[in-house]
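**Q** One structure follows; several queries about it will come next.
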Amino acid sequence: MLKSVAAFAVTLLLLFAPFVATAQDVNLLSRDGSIAISGNFLSFDGEFYRVETDLGVLTVDSSGVRCEGPGCPNLDGYYAQIRLSGDAKGTRTLMPALISAFALRNGYTVATSALSENQRSMVLTDAENDLTVGEFLLSDTSASEGFADLVSENTDLVLSMRKVAPKELDLARQAGVGELSDPRRARVVALDGLVPVVSRSNLVETLSLSELAEIYTGHVENWDAVGGADAPVAAHLMRDDLEEGSEFRRMILGRGQVDEERVTLHDRYEALVAAIEQDPYAIGLGRMSEGGAVKPVGLSGACGFEARAMGADVKSEDYPLTRPVFLYTPARRLPKLAREFLAYAVSPAAQIVVARTDFVDQGVDELSFRDQGRRFANAIAHAGGEISLEDLQGVTSALQGAKRLTLGFRFEDGSTKLDAQSRSNVHLLAELLEAGVYDGQILTFAGFSDGQGEAAINKTLSKRRAQTVMKAVQQAMGEAFEADRVSLHAEGFGEAMPLACDDIAWGRSLNRRVEVWLKPRR
């Protein structure tokens, strides 16, 4: 054993290896040579050795030991190697853009080279000192393959357009990767939207989520059942959308089962788009980030509401099929370069870079009161029997002259816990407040509810939700919050401003929200 656990930072953590060798014998000796750890060398990240011993996998601070044996790495010229696997579009476009911007911000140059059809290398160099500081290895696979790579120790970061699935959580726990459902293991770096797409010659303009579910479960086989031509429906789907963590399963399929005999599954998005382009009666689930020569279809509700994928609505989660883009990390120590990159990837500066890609950034925009005209018209048209003219006038009076911020807050299904995008928004808003962006302003956290239950109770619940979000932002700021610089205020308006139909689950989910409105101090 080591003389001092603190001195050598020995931890029973998972295997991590940007610098990986085949297992070989090594001895890690304390500086005076009196204590040794023997085992098979697993990795070195520039600061810590990882060794498989009879006690398990140990992480040892290299500053307290010297390494002897054939497995010891050559420390001369060492640089961190960070492996990333996951969503193909993101690893081809989004991550290279973020890595390049991160390098530029730190004064590094970047050399990119293709290692294979699906893998590329980005080497970061400190040109002034002629020193290689690190290498990113990007593998464009899929979320499923990315999580499999993480469990098998073949990647360090996973880029995913969906939450980790329950079976992947179990495998990660068994492999010692950590609890991937922990919010600290998943960072939202960008946003995207799941969009139904059809051939440009298809006359269908909108579909409800229930109609989409019936198409994929095989209950709707002909377009005439959903307002289209008398022709058979050819349904296509990305294989990764079948996983339990996907928006397709959560928002569209529910407890239903995809008719895999009728639905064509694809591993690559290009193949899905090509199939729809060639078939006037095909339908698939596309993405805002991908595009293609296909026609996006809007989402409709029985009560007349309609939603289309637009950047502002994706940012605020007013679009029901919004998809956060996650970077998952294992519960193990990553090299300093990786830690610095992860901190940068969720910063406001990084969102400027995201905005230049095909993905939706999380940068906060301001929408004028006039921009909300459609919403107010819908609110008046669909106000329930318990919503009076006085209620609507109250909302108008409170928000008149204010601007709505595009970051919104919603809670996980059946929970008081904020969802992943909202947790990211809490920290983003806290950073903006700390930076003084909203000094001299009044920020109203406006809570809204669905129409289930009594209106008076819903109004109280909506204010509680608004207070919960406001307190979360204040806690994220900590001692940096100064009431004399900016005023934070919570208000509840209940069911007065619905965004979608209350007769369906996704509509009720959209209506339960907290918005942030900005108004100058008088």
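**Q** Could you compute the FRET efficiency for E390 and T460, with r as their C-beta to C-beta distance and R0 at 25 Å, rounded to 0.05?
**A** The computed FRET efficiency comes out at 0.90.
**Q** Sticking with this one: Please give the net charge around T329, taking every other residue with its beta carbon less than 9 angstrom from that of T329, where Lys and Arg add +1 and Asp and Glu add -1. Mind showing how you got there, number by number?
**A** Details: positive: R184, R185, R187, R332; negative: D156.
Local charge sum for T329: +3.
**Q** Going through segment 254-322, which GluC sites (Glu not before Pro) have at most 12 other Cβ atoms within 10 Å and a DSSP loop state?
**A** Sites meeting the loop and neighbour criteria: E260, E261.
**Q** Also, quick follow-up: Dipole of the chain (Lys/Arg Cβ +1, Asp/Glu Cβ -1, origin at the Cα centre): which of Q475, P280, Q81 lies farthest to the positive side?
**A** So the residue furthest toward the plus end is Q475.
**Q** A further question on this structure: Below 20 Å, Cα to Cα, which aspartates and glutamates can K471 reach? Residues fewer than 8 away in the same chain don't count.
**A** E412, D419, E431, E434, D439, E479, E482, D484, E491, E515
**Q** How big is the gap, in Å, between the Cα center of segment 131-202 and the Cα center of segment 34-90?
**A** That distance is 24 Å.
**Q** Let me ask you something else. Taking Cα extents along the principal axes in Å as the quantity of interest, determine which of (i) 82, 62, 43; (ii) 72, 48, 44; (iii) 71, 60, 43 was computed from the displayed structure.
**A** The value matching this structure is (i).
**Q** Report the label-to-label distance for Q452 and A231 in nanometres (one decimal), using points 7 Å from each Cα along the Cα→Cβ vector.
**A** Calculated label separation equals 3.9 nm.
**Q** Got a number for carbon plus sulfur as a percent of segment 181-232's accessible area, 1.4 Å probe?
**A** Result for segment 181-232: 46 percent of the exposed heavy-atom area is carbon or sulfur.
**Q** On a straight-distance basis, which aspartates and glutamates could pair with K295 in a cross-link, Cα separation under 13 angstrom, same-chain partners fewer than 8 positions away excluded?
**A** Of all the aspartates and glutamates, those that pass the test against K295 - Cα under 13 Å, at least 8 places apart if same chain - are E205, E277, D279.
**Q** Right, something else. With a point put 7 Å past each Cα toward its Cβ, work out how far A483 is from R522 in nm, to one decimal.
**A** 2.0 nm
**Q** Moving on to the next point. In whole Å, how far is the Cα centre of segment 95-126 from that of segment 503-522?
**A** If you average the Cα positions of each part, the centres end up 39 Å apart.
**Q** Pick out, in residue order, every one of the GluC sites (Glu not before Pro) in segment 51-139 that is DSSP loop and has at most 16 other C-beta atoms within 10 Å; say none if there are none.
**A** Passing both the DSSP loop test and the Cβ count: E117.
**Q** Still on this structure, I have one more. Could you list the trypsin sites (Lys or Arg not before Pro) in segment 228-257 that lie in coil according to DSSP, counting only those with at most 14 other Cβ atoms within 10 Å of their Cβ?
**A** In loop regions of segment 228-257 (DSSP not H, G, I, E or B), the sparsely surrounded trypsin sites (Lys or Arg not before Pro) are R255.
**Q** May I ask which of K89/K167; K315/K336; K315/K463; K163/K336; K315/K403 have a Cα-Cα span longer than 20 Å here?
**A** Violating the 20 Å limit, Cα to Cα: K89/K167; K315/K336; K315/K463; K163/K336.
**Q** With r defined as the distance between the Cβ atoms of E221 and N74 and R0 fixed at 60 Å, what FRET efficiency is calculated, to the nearest 0.05?
**A** Step by step, r from the Cβ atoms, then E = 0.40.
**Q** Let's test the formula: R0 of 51 Å, r as the Cβ-Cβ distance of F369 and S181. What FRET efficiency results, to the nearest 0.05? Don't skip to the end; give the middle numbers.
**A** Values: r = 39 Å, r/R0 = 0.77.
So, using R0 = 51 Å, E works out to roughly 0.85.
**Q** In percent, how large is the relative contact order of the chain, given Cα pairs closer than 8 Å and 6 or more residues apart?
**A** With pairs under 8 Å counted, the relative contact order is 13 percent.
The values are calculated or read from the model by the stated rules, or taken from the named source; none is laboratory data. Values in this document were obtained by computation on a predicted structure and should not be read as measured data. Using ideal geometry, Cβ is built from the backbone for each residue, glycine included, and neighbour counts are taken over all protein chains shown. All accessible areas refer to the heavy atoms of the entire protein, side chains included, with ligands and DNA or RNA removed. Shrake-Rupley method; radii C 1.70, N 1.55, O 1.52, S 1.80 Å.
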